[in-house]
Amino acid sequence: MASTSKTAESECDSPTVEASQACPEKRASRASARALLAGATPREVLARLIAGDPLELRARVASGLASEALFLDPDRAFLRTAAHVARFAPRYRGQPELDAWLDARVQAALRELAEEEREQSAHGRAAPTALAELAGKLKLEPAALARACVALNGCERLERRAFRALVIEAREIDVAARELGSTPSETGRAARRALEAALAALGQGSAE
Amino acid sequence: MSACRVLDELSRELAPELRALAELEARRGLVRSDLLGVGCLPPRLAQAQAELLVVHVSEVSAVLASAARLALRGPSLPEEEHEALRERCLEARHLLALDGLTPGEGVARALDALAVERRAAWPTALELASLAVALRPSSRARAALALALAASGDWRPASAVALAALSRPRSAAVRRRWLARLCLWLERLGDHDRAALLRAA
């Protein structure tokens, strides 16, 4: 998961550095990050968070979407995560480390958004506009693409990750399997289950 | 007969209960908000505040669903869990107010009751779960509603909630959990054959 700014603080990112021994720049950055979260209403904290993205939530969201292989609108996921951080900021008392706490907020926001899209899709509500352009390129209806994304997001994590590695990123199956901690045959089967779920969802509209 | 066919049959037979559930889930607007309507917000901030509104509503729904699950455990609760829920409830009310959000009457009453120390003052598990689902039909809220219905012996509506949950794309683990519940409630309804068929699927 993406950590704090990569500029000029790479040596501060070592996972072996304990919080209490962290370099002064990182301590200062943590203090200012905590100041962003404190002493205001959730609405005010939210305004701070989306103005210039001081906590680098966008990068954390991108990393979370990639590691969970979730098919969600990244901009909406960023705004939802910022809203989560703002709403739950009063609970943050310095433990766990801010990075870990923010990553947990990203995970909660992504889970919530995936579930919400599943509900909207079940009620036949409109597809997110973010998909319109991609759908056009793939020569698909935006609603069909949205259904496929919902179906993929409903798959097991291994299935989603295998699908992403083999179908979207066209990785070698041996390499993908190693990265996923699985065997090539299980990786292939997992990707196939996800593909079948997506294809079934794509076909739903025409079958109705 | 295949499991899919059984689920289709049940969906037809439980159509009235499924309709009632859909009506409950569609009962939005339980939280009045000036969060979205203050002056002319820049579009980006307005989008972000719309997401914040959803997060507030989701958290209240989650608090109510957790309370419903706790209420199902009986009249006395472990002190620690009761206190944690009370704090969560007080926090939700406080932050809603700070952001200019007014819960609807039923939700406000439930939050007030959960914030007091006496467990006896709580609404029933079914009332709490229904409010949670009406605010946001999440998996957690649906599970609380289904279990509360089952605890009241309302196996048909409980089965309808399970069917609704099974109609959404789910991971295999979540499907298995809902199928197990559905089988149990079908058995309570005396429908042993279809329960056995689904169990074997």
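The values are calculated or read from the model by the stated rules, or taken from the named source; none is laboratory data. Small disclaimer: the values here were computed from a predicted structure and weren't measured. We place every Cβ from the backbone using ideal geometry, glycine too, and count neighbours over all the protein chains shown. Side chains are part of the model used for accessible areas, which takes the heavy atoms of the whole protein and leaves out ligands, DNA and RNA. Shrake-Rupley method; radii C 1.70, N 1.55, O 1.52, S 1.80 Å.
Within segment B:94-121, the set of residues being within 23 Å of residue B:24 (Cα to Cα) and free of Cβ contacts under 8 Å to residues at least 60 places away in the same chain comprises B:105, B:108, B:109, B:110, B:111, B:112, B:113, B:114.
Within segment B:55-109, the set of residues being outside any helix (DSSP H, G or I) and either hydrophobic (A, V, I, L, M, F, W, C) or crowded, with 20+ Cβ neighbours inside 10 Å (or both) comprises B:72, B:77, B:99, B:101, B:103. Pairing residues of segment A:72-99 that are at the interface with chain B (Cβ under 10 Å from one of its Cβ atoms) with residues that are open to solvent by less than 40 Å² (accessible area, probe 1.4 Å) and of a type in the set (Asp, Glu), at Cβ distances under 6 Å and at least 6 apart in sequence or on separate chains, gives A:79/B:51; A:80/B:51; A:83/B:51. Output the number of residues of segment B:157-193 satisfying the condition of being away from chain A (no Cβ under 14 Å) and hydroxyl-bearing (Ser, Thr, Tyr). So the answer is 1. Checked against (1) within 14 Å of chain A (Cβ to nearest Cβ); (2) within 17 Å of the chain's Cα centre (by Cα), residue B:154 meets all criteria but (1).
Within segment B:6-28, the set of residues being farther than 20 Å from residue B:134 by Cβ and touching a residue at least 12 places away in the same chain (Cβ under 8 Å) comprises B:6, B:7, B:9, B:10, B:11.
You will find that of B:142, B:181, the residue that is among the basic types (Lys, Arg), open to solvent by 40 Å² or more (accessible area, probe 1.4 Å) and closer than 30 Å to residue A:146 by Cβ is B:181 and no other.
Taking segment B:110-133 as the search range and keeping residues that are open to solvent by 60 Å² or more (accessible area, probe 1.4 Å) and assigned to a helix (DSSP H, G or I), which one is farthest from the other protein chains (Cβ to nearest Cβ)? Out of the qualifying residues, it is B:120.
Among the residues of segment A:122-130, are any at positive phi, within 14 Å of chain B (Cβ to nearest Cβ), modelled with pLDDT under 90 and open to solvent by 20 Å² or more (accessible area, probe 1.4 Å)? Yes - at least one qualifying residue is present in segment A:122-130. Among the residues of segment A:47-64, none qualifies, meaning not one is open to solvent by 30 Å² or more (accessible area, probe 1.4 Å), of a type outside the set (Lys, Arg), within 14 Å of another protein chain (Cβ to nearest Cβ) and in contact (Cβ under 8 Å) with a residue 60 or more places away in the chain.
Among the residues making up segment B:145-201, a single one is touching a residue at least 40 places away in the same chain (Cβ under 8 Å) and in contact with a Cys (Cβ under 8 Å, 6 or more places away or on another chain): B:198. The set of residues from segment A:135-190 being surrounded by fewer than 22 Cβ atoms within 10 Å (Cβ to Cβ) and polar (S, T, N, Q) comprises A:182, A:183, A:185. The test for being basic (Lys, Arg) and modelled with pLDDT of 90 or more holds for residue A:43.
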